[in-house]
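Structure, as structure tokens:
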Amino acid sequence: RGERATTPDLAGRHVVVSAGGTREPLDPVRFLGNRSSGKQGYALARAAVARGARVTLVSANSELPDPAGADVVKVGTAVQLREAVLKAAADADAVVMAAAVADFRPARYVTGKIKKRDGVEPEPIALVRNPDILAEISAERARPGQVVVGFAAETDDVLANGRAKLARKGCDLLVVNEVGERKTFGAAESEAVVLAADGTETPVPYGPKEALADTVWDLVLPRLA
Ligand code: CTP
Ligand code: CA
């Protein structure tokens, strides 16, 4: 962490960070989920606290310890995450969606545990779309000049996919993580690139999630109203 990061340059600001991964219940004992640990979102929250911001961390199913100094709101599903993020975003200067939000949820919740029966094949699980929280907060900014940031993991044509997603979501910044073996952009050690709606691209070299967190806030800062 450099000298810059300890400057309280986010003092007087309220920032909202979502972290972790949503779980979409199927019955009382089962859910559809993902492997997100919450590490990146928690690093973003800690970095913002260190830089003087008031921080609301909306955390979906993460095992990580609450960051000191942040208001932590725990949620389970995408619908709950949406409610909590929209509520906190009402007076926020910036919203960073680092959570892995399930794209789909089971169409119906089975109130009793689903049981198997001899000689009967299981029913397929019908799914429905979850709300797109990032697109919604980008389209309906709770405050003029509110800065909205998304995250995306992409393969293949990483930059083109990232650009298209940034435009589709309507956010200000999109942190694109390249997944898979093939490095398709920037310097050899680049692990992420931050795409901005104004066309700029900031490659972030391979390193700890704390460093990426500070880079994100460095890019949010000049865009704040
Ligand atoms: N996101 C969201 N609500 C959703 C899905 C995603 O707010 N229902 C946010 C994530 O938190 C992330 C960004 O959107 O910041 C990009 O997520 P990603 O899964 O890459 O985008 P999708 O539009 O779901 O595209 P894909 O079909 O590639 O999964
Ligand atoms: Ca998705």
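Just so it is clear, none of the values below were taken in a lab; they were calculated from the coordinates. This one's a predicted model, so the numbers in the text were calculated from it and none came from an experiment. We place every Cβ from the backbone using ideal geometry, glycine too, and count neighbours over all the protein chains shown.
With N set to the number of residues, divide the alpha-carbon radius of gyration of segment 110-225 by 2.2 N^0.38 Å and report two decimals.
Numbers: Rg = 19.3 Å, N = 116, 2.2 N^0.38 = 13.4 Å.
Relative to the 2.2 N^0.38 Å estimate, segment 110-225 comes out at 1.44.
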Which aspartates and glutamates does Lys87 reach when only Cα atoms under 14 Å apart count, and residues fewer than 8 places away in its own chain are ignored? Asp71, Glu136, Glu140
Using the basic label-point model (7 angstrom from Cα toward the beta carbon), what is the Lys115 to Ala68 distance in nanometres? 5.2 nm
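Give me the percent of Cα-Cα pairs in segment 8-107 that sit more than 24 Å apart, rounded to a whole number.
That tail contains 20 percent of the Cα-Cα pairs.
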Starting from the exponent 0.38 and prefactor 2.2 Å, build the expected Rg for the chain from its residue count and divide its actual Cα Rg by it. 1.07
If one builds a Gaussian network model of the chain from Cα atoms under 10 Å apart, the most fluctuating residue listed among Gly76, Gly145, Gly38 is Gly145
If all Cα-Cα distances of segment 111-162 are sorted into 5 Å bins from 0 onward, what percent lands in each bin, rounded to whole numbers? 4, 12, 12, 12, 13, 11, 8, 9, 10, 5, 2, 1
From phi via Karplus (6.51, -1.76, 1.60), per-residue ³J(HN,Hα) for segment 103-116 in Hz, x at Gly/Pro: 6, 10, 9, x, 5, 9, 8, 8, 6, x, 4, 5, 10, 8
Provide the packing ranking of 131-140, 51-60, i.e. peptides ordered by the mean count of other C-beta atoms within 10 Å per residue, highest first. 51-60, 131-140
Evaluate the relative contact order of segment 13-107 (contact order divided by residue number), counting alpha-carbon pairs under 8 angstrom at least 6 apart; express in whole percent. 43 percent
One finds the C-alpha centres of segment 13-51 and segment 134-182 to be spaced, in Å, by 17 Å
Please list the non-local residues whose amide H lies under 5 Å from the amide H of Val73, H modeled 1.01 Å from N, same-chain partners needing a gap of 5 or more. Leu57, Val58, Ser59
Among the lysines, which have Cα under 16 Å from the Cα of Lys209 when same-chain residues fewer than 8 positions away are ignored? Lys39
Calculate for the chain the 222 nm mean residue ellipticity that helices alone would give, adding -39,500 (n - 2.57) per DSSP H run of length 4 or more and normalising by residue count, nearest 500 deg cm²/dmol. -7500 deg cm²/dmol
Let me have the relative contact order for the chain, percent, based on Cα pairs under 8 Å that are six or more residues apart. 19 percent
Angle, helix 209-220 long axis vs. longest principal axis of the chain, Cα atoms, 0 to 90°, nearest 10? 60 degrees
